[in-house]
Amino acid sequence: MKNIPFYIDGVNGGFMRVEGIIRLEKNRLYLEFQIKDAVIKAYKSPIKTHFLALEDIDAIETKVGWFRTRLWIHVQSGKILEAIPGNNLTQRVFSFKRAYRLALANMVSQLNLALSELKLKELDQKYRTS
């Protein structure tokens, strides 16, 4: 799957910005990111890698704007997202530039399909055992 660049603004009161890439791998979302100083651009953190398992994702939403597209990822627990900087406990908002809108739409479509298949398997197992 293709890497799609993203950013998260407004971290630490707007003083920091997260920049990275996201892609869908087999059963998980692969995130590679770096935290940067948004004001004087003097600080860069080491590059971090984080994986989000599909089982941990509750829902995803997208909103298309004029210049950017946003992706909301909602999870079941705040522990899952603690490694990714953000302002909300159980969700993160990723922003994408307009040029990556088509690639993001393809990834979200595949992600929705994988989430649906996973939830159907869970329901099938639940009702088979009872």
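Where a number appears in this text, it was derived from the coordinates with a stated rule and is not lab data. Just so you know, these numbers come straight off a predicted model, no measurement behind them. No Cβ is skipped: glycine too gets one built from the backbone with ideal geometry, and neighbour counts run over all protein chains shown.
Things to note:
- FRET efficiency, Ser116 to Trp66 (Cβ-Cβ, R0 22 Å, nearest 0.05): 0.15
- As a proxy for reagent exposure, Asp124, Asp9 were ordered by neighbouring Cβ count within 10 angstrom, fewest first; the result is Asp124, Asp9.
- Compactness index (Cα Rg / 2.2 N^0.38 Å), the chain: 1.13
- Qualifying trypsin sites (Lys or Arg not before Pro) for region 31-130 [loop in DSSP, other Cβ within 10 Å: at most 10]: Lys41
- Compared with the dominant Cα axis of the chain, that is its longest principal axis, helix 101-129 is turned about 30°.
- Near Lys41, once Lys and Arg are set to +1 and Asp and Glu to -1 for all other residues with Cβ below 15 Å from its Cβ, the sum equals 0.
- Annotation for region 60-111: chymotrypsin sites (Phe, Trp or Tyr not before Pro) lying in DSSP loop with at most 10 further Cβ atoms inside 10 Å of their Cβ are Trp66, Phe67.
- In units of the rule-of-thumb radius 2.2 N^0.38 Å, region 71-120 shows an alpha carbon radius of gyration of 1.30.
- Listed pairs Lys97/Lys126; Lys2/Lys121; Lys48/Lys121; Lys63/Lys126; Lys48/Lys126 exceeding 30 Å between Cα atoms: Lys97/Lys126; Lys48/Lys121; Lys63/Lys126; Lys48/Lys126
- Taking 0.36 nm per residue of separation and subtracting the current Cα-Cα distance, fully stretching the chain between Lys48 and Ala105 would add 18.1 nm.
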